[in-house]
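Let me begin by presenting the structure, written as structure tokens, before commenting on it.
The values are calculated or read from the model by the stated rules, or taken from the named source; none is laboratory data. Predicted, not measured: the structure shown is a model, and the values here were computed from it. Cβ placement follows ideal geometry from the backbone for every residue including glycine, while neighbour counts extend to all protein chains displayed. We work out accessible area using only protein heavy atoms, side chains counted, and drop any ligands, DNA or RNA first. Shrake-Rupley method; radii C 1.70, N 1.55, O 1.52, S 1.80 Å.
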Amino acid sequence: MTTIEQTGAEEVAWDLSDLYASGDDPRIEGDIAESEAAADAFRDRYYGKVATLSAAELAAAIDELERIESIATRALYYAHMEFSTNMADPARGALVAKLGEKGAGIETKLLFFGLEWAAIEDEQADELLQDSALDHWRHWLSAQRVFRPYLLTEPEEKIVTEKGVSGVSSWGRLYEEVLGAIRVELEGEAEPVALETAMSRLYRSDRDDRRAAAEAVTESLQPTLRTRTFIFNTILLDKSIDDRLRGYPTWITSRNLANETSDDAVQALIDATTSRYDVPQRYYKLKAKLLGIDKLQHYDRFAPVAEDASKTSWNEARRIVVDAYASFSDEAGGAVEQFFDAGWIDAPVRPDKRHGAYCATNVPGVHPYVFMNYTGDRRSILTLAHELGHALHGSMAQPLGYFNASTPLTTAETASVFGEALTFKQLLAAEDDPRARLDLLAGQVEDAIATVFRQIAMNRFENLTHNERRDKGELATDRISELWMECQEDLFGDSVGLDGYASWWSYIPHFMGTPGYVYAYAYGFLFALAIFRSYQSDGDSMVGAYLELLRAGGSKKPEELAQMVGLDLTDPQIWATGIDAISDDLDQAEELAKEIGLG
């Protein structure tokens, strides 16, 4: 009988006491009550008067608005983090629901402020924004006004906000609970395992293990597939209604505005990526040769090229990642190490724990927290580096405050991808064996494919599902699977067999929780790759500028952040350049394979 390998991460649980002692902590109720009372007072003071405020008065009002929202947000962050570690606990789920309802009530009291600010005529707004009293808030205020054409009246916005608690957010929570409850029966295991554990077997060297794991995952997705289909259809419909009422021209426009980019800029990214699907197809044909098989199947994509598929202990992963960040900057290395020392990471796979990994990056008034399902494979090490990049970003931007530290999705991935690149460099430098080096290099190309090409293919799937749901009505499970396979076949061409892959769209949480999110991975990856290439060419002279970019958080436009490190995000060539860099890595992998007689 085989057992799930121990990594030393089993007891690495985060300590949330910097927020609250427990879900029963009376401070939670006290903080929510304070936030509600402050929201009432804020409304009494400023309702109907925003257009009459001087620049200094407007700045003081935003200071108070940020304070109120920070109090409520801290409590809600705590509830969500507690819930994510055990989604089967009714008390934790009840706390999420309760605070979500309270938060929506607070938000409805404060909605007027953004609406009144957006209603101010451009000439008056521009004059106010020139005043030095608003230096700290200039970008935040400007970003609010891009939604001006799409805002509803205050009563309508209040209805949308309050109904959202029992609407789309509840469907998202149901999806997470359904997904978290999935168990996969694997041969040799005494009990069914979590989806995350089963998926980690796709990184094993034994093809029979990979095939069996993939077949078991496919089987485990079936029992609740109709439920997840209904949830997806409901979320698609909800977004179409919201977009229609607000007048957004496309399903992705609201996401693009929130990301502080344009429909045209995102389309340029999509076009640049889909036009180079030859890169992943070329790589997967090479990998088939490296594995000694005629053609890859979908469960072969993450197989190690070298024979060694050993697990890396948690402590060793910690050393690798911390050293990688420290090699770039002592400040970055020290900041990352603190997350291990202070208990700000929840590491192990557990029953009923949420699938995947995340960083609670912008928790008001405290530090970020990192959530992992650490399984000890190479991907887990790089995932740890990825999430700690988010954590570093959040820590460095925290002095800006809750509003200005928050980044759009397009730049939110910058530090995480950069941290992965640093860690990969560390892993490669420590490896002397040519086969193992090839495995690492193949992994680097695979990760780039997953972050750029796969995410854009998923964006194309979202595009098809959102538009078809609007044009033709509710989508059957088989139709959604057909659209998924259409986009996957475009991506892989004839390089990968996809039998049994049709239902695998249904375990990807971004489609449900944050529609339109996925292209930001490609955007952020290629942006971060451009920064990393500059670092490789410019060396230590790049360090200061990069850390300043992280400290700027979301207080500047993405284009301005890029200028801080000498890049131009308005030039579509930046995407092609990044993709060429991935192609160059593939060239190196092909050459190394030939050198050792495997190409």
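Skip the ligands, DNA and RNA, and give the accessible area per residue of the chain with a 1.4 Å probe, whole Å².
That works out to 41 Å² for each residue.
Can you give the convex hull volume of the alpha carbon atoms of region 250-313 per residue, in Å³? Write out the running numbers ahead of the final one.
Numbers: hull volume 10.3 nm³, N = 64.
Once divided by residue count, the hull of region 250-313 is 160 Å³.
Suppose we keep just the DSSP beta bridges with both residues in the chain; what percent of those would be antiparallel, to 5?
Restricted to the chain, the bridges split so that about 50 percent are antiparallel.
List, in order, the whole-Hz ³J(HN,Hα) value for each residue of region 65-73 obtained from phi through the Karplus relation with A = 6.51, B = -1.76, C = 1.60 and θ = phi - 60°; use x for Gly and Pro.
4, 4, 4, 5, 5, 5, 4, 5, 5
For region 1-125, with equal point scatterers placed on the C-alpha atoms only and solvent neglected, what are the log10 I(q)/I(0) values from the Debye formula at q = 0.13, 0.20, 0.21, 0.22 1/Å, to two decimals?
For region 1-125, the Cα-only Debye profile gives -0.65, -1.07, -1.13, -1.20.
Taking amide hydrogens as modeled 1.01 Å from N in the peptide plane, which residues meet the under 5 Å criterion relative to TYR374, leaving out close sequence neighbours?
Hits under the 5 Å cutoff: VAL349.
Going by average Cβ density within 10 Å per residue, which order do the peptides 394-406, 425-437 take, highest to lowest?
In descending order of packing, they fall as 394-406, 425-437.
Per residue of region 268-285, what does 6.51 cos²θ - 1.76 cosθ + 1.60 with θ = phi - 60° give for ³J(HN,Hα)? Whole Hz please, x for Gly and Pro, Karplus curve as stated.
4, 5, 4, 5, 4, 7, 5, 6, 10, 4, 4, 5, x, 5, 5, 5, 5, 5
With Rg and Dmax of the Cα atoms in Å defined as stated, name the option among [x] 28.4, 101; [y] 25.4, 88; [z] 24.0, 76 computed from the structure displayed.
Of the labelled values, this structure produces [z].
In sequence order, what are the phi-derived ³J(HN,Hα) couplings for region 231-239 according to the Karplus relation 6.51 cos²θ - 1.76 cosθ + 1.60 with θ = phi - 60°, rounded to whole Hz, with x for glycine and proline?
4, 4, 4, 5, 5, 4, 5, 4, 5
Sorted from largest to smallest, which semi-axis lengths in Å does the alpha carbon gyration tensor of region 172-313 give for its equivalent ellipsoid, taking the root of 5 times each eigenvalue?
Listed largest to smallest, the semi-axes of region 172-313 are 35, 25, 12 Å.
Can you give me the % of accessible surface on the chain that is carbon or sulfur? Probe 1.4 Å, all protein chains present, nothing else counted. Don't skip to the answer; put the middle values down first.
Numbers: 11840 of 24450 Å².
The value for the chain is 48 percent carbon and sulfur by accessible area.
Taking only DSSP H segments of four or more residues, each worth -39500 (n - 2.57), what value at 222 nm results for the chain once the sum is divided by all its residues, to the nearest 500 deg cm²/dmol?
Taken over the chain, the calculation gives -20500 deg cm²/dmol.
For region 97-250, taking Cα atoms only, what is the radius of gyration to one decimal and the Dmax to the nearest whole Å?
For region 97-250, the Cα radius of gyration and maximum Cα-Cα distance read 23.4, 70 Å.
Using alpha carbons only, how many angstrom separate the centre of region 401-436 from the centre of region 195-228?
27 Å
With the radius of gyration and the Kirkwood radius both derived from the Cα set of region 59-169, what is their ratio Rg to Rh?
Using Cα coordinates only, the ratio equals 1.06.
Exactly which GluC sites (Glu not before Pro) in region 189-223 are in a DSSP loop and have at most 14 other Cβ atoms within 10 Å?
Passing both the DSSP loop test and the Cβ count: no residue.
Rg and Dmax of region 1-50 over Cα atoms: what are they, in angstrom?
Every Cα atom of region 1-50 included, Rg and Dmax give 21.6, 71 Å.
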